[in-house]
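Take a look at the structure set out below.
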Amino acid sequence: MMTKEQLFTQLFENLTDSGLFFGHGVIDAQDEAMMVMMHVFKQTVDEILCSGQIKVDMQTIKKAEKIVSQRLNTLKPMAYIVGEVQFAGLTFKSDKRALVPRSPIAELIGNDFQPWLNLNTINKALDLCTGSGCIGIALAKYNPHIQVDISDLSKDALSLAKTNIELHDLNQQVNAVQSDLFAELTGPYDLIVSNPPYVSENEYSQLPQEYKKEPKLGLTTPQEGLQIPVKIMLDAPEYLNENGLLFLEVGYTDELLEDTFPAVDFEWIDFENGGHGVCVLSKHQLLTFSKDFKNFLMP
Ligand SMILES: C[S@@+](CC[C@H](N)C(=O)[O-])C[C@H]1O[C@@H](n2cnc3c(N)ncnc32)[C@H](O)[C@@H]1O
């Protein structure tokens, strides 16, 4: 019989040098092996680390090994195989209906959006393109005074988001709306947060297999990955209160966005825990450049 520590080492070794890509809620093979341990033992990282010498029964070993071989054989993100993932210190259900939560916006939520916002003054917020609901739900969970709308075009994504709303017991505080961007939303919002699709077709074709297991609707958008981000920048002012802010993630499309709109003084946020390509824009700034955004979308 092996100990927990030995099982962890075995899982880690099986996941290492196996051609897998790590980036869907985990950073490397070690992180992913720990995700399997947390799932099979239903324990936190600390609980697992404190009980490394405990012997593991054969059934649990087999369960963990089966999960890892499924990962190696299918190249599905581990979150889809175990059905859950950690985001902003909370557990979220995860499956093929929506992207695996991994946005650096989790760190912003953890830092109360400092120094840009005083969350105590925020009453209503929107998580646009919510997918699994992770951003809006985490925001609501940590800030019980904020009413949060979460919206997505995909019915499938919204059904998963609704499961996550229930999981966190937030039915009274979080409202899920099916909407093509702002079409079905009324606002006004003090805060809009969005991690929309921002990958070009060309970039998509070169992504590791793990991304191909996620809904393509969540990743790609025309005009080299800029169409949806620019539509959001164009329409957001109409839905923002006077002092409202938009936090928009565009990942590696940040350089193209800068080059496309050289007059806009984008403020990019630095993250301590990894990730980049999130900017913060005020309503005033967005209104100032709305002609540029319009020309880009309808040249
Ligand atoms: C990058 S995923 C992000 C999901 C989630 N915010 C997260 O961080 O995990 C983008 C999401 O945008 C949604 N989406 C794509 N086009 C949309 C549109 N026109 N209107 C609303 N949502 C859209 C997709 O269904 C997908 O769930």
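The values are calculated or read from the model by the stated rules, or taken from the named source; none is laboratory data. The shown structure was predicted, so the numbers you read here are calculated from the model rather than taken from an experiment. Neighbour counts are summed over all protein chains in view; Cβ atoms, including those assigned to glycine, are modelled from backbone coordinates with ideal geometry.
Numbers for the structure displayed
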| quantity | calculated |
| --- | --- |
| Output for the range 81-93, where each listed residue is under 14 Å from VAL36 (Cβ atoms) and in contact with a Ser or Thr (Cβ under 6 Å, 6 or more places away or on another chain) | GLU84, VAL85 |
| Residue within the range 255-264 that is touching a Phe, Trp or Tyr at 6+ places or on another chain (Cβ under 9 Å) and within 27 Å of ASN120 (Cα to Cα) present | no |
| ALA138 being part of a loop (DSSP other than H, G, I, E, B), within 15 Å of the ligand (Cβ to nearest atom) and either in the same structural domain as ALA106 (by TED's automatic domain parsing) or among the hydrophobic types (A, V, I, L, M, F, W, C) (or both) | no |
| Residues (within 13 Å of the ligand (Cβ to nearest atom) and of a type in the set (Val, Ile, Thr)) located in the range 155-184 | VAL177 |
| Filtered residue count, the range 101-127, keeping only those that are more than 27 Å from PRO237 (Cβ to Cβ) and in contact with a strand residue (DSSP E or B) (Cβ under 6 Å, 6 or more places away or on another chain) | 1 |
| Members of the range 53-101 that are within 16 Å of the ligand (Cβ to nearest atom), of a type in the set (Gly, Ala, Ser) and surrounded by 13 or more Cβ atoms within 10 Å (Cβ to Cβ) | ALA79, ALA88, SER94, ALA98 |
| Entirely in the range 185-229, the helices (runs of 4 or more DSSP H) that have 3 or more residues that are more than 11 Å from the ligand (Cβ to nearest atom) and over 30 Å from HIS284 (Cα atoms) | 201-205, 209-212 |
| Hits in the range 25-44 - residues which are touching a residue at least 24 places away in the same chain (Cβ under 8 Å), closer than 10 Å to PHE12 by Cβ and not hydrophobic (A, V, I, L, M, F, W, C) | GLU32 |
| Of the criteria (1) closer than 12 Å to GLY133 by Cα; (2) touching a residue at least 24 places away in the same chain (Cβ under 8 Å), which one GLU166 fails | (2) |
| Any chance ASN202 is more than 17 Å from CYS129 (Cβ to Cβ) and either in the same structural domain as LEU108 (by TED's automatic domain parsing) or surrounded by fewer than 21 Cβ atoms within 10 Å (Cβ to Cβ) (or both) | yes |
| Residue list for the range 1-24, restricted to those being farther than 22 Å from THR60 by Cβ and in a helix (DSSP H, G or I) | none |
| Qualifying residue in the range 25-39 (condition: under 24 Å from GLN53 (Cβ atoms), of a type in the set (Val, Ile, Thr) and surrounded by 17 or more Cβ atoms within 10 Å (Cβ to Cβ)) | yes |
| Restricting the range 256-299 to residues that are without any contact (Cβ under 8 Å) to a residue 40 or more places away in the chain and in a strand (DSSP E or B), the residue that is farthest from LEU226 (Cα to Cα) | SER282 |
| Options ALA29, ALA33; residue that is of a type in the set (A, V, I, L, M) and either within 19 Å of GLN209 (Cβ to Cβ) or within 20 Å of the chain's Cα centre (by Cα) (or both) | ALA29 |
| Single condition GLN223 does not satisfy, out of (1) at positive phi; (2) free of Cβ contacts under 8 Å to residues at least 12 places away in the same chain | (2) |
| Any chance ILE27 is part of a loop (DSSP other than H, G, I, E, B) and of a type outside the set (Asp, Glu) | yes |
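Residue by residue, here is whether (1) modelled with pLDDT of 95 or more; (2) surrounded by fewer than 24 Cβ atoms within 10 Å (Cβ to Cβ); (3) in contact with a strand residue (DSSP E or B) (Cβ under 9 Å, 6 or more places away or on another chain); (4) not assigned by TED's automatic domain parsing to the domain that holds PRO237 holds:
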| site | (1), (2), (3), (4) |
| --- | --- |
| CYS129 | yes, no, yes, no |
| ASN143 | yes, yes, yes, no |
| GLN147 | yes, yes, yes, no |
| LYS155 | yes, yes, yes, no |
| THR163 | yes, yes, yes, no |
| ASP169 | yes, yes, no, no |
| GLN173 | yes, yes, yes, no |
| LEU181 | yes, yes, yes, no |
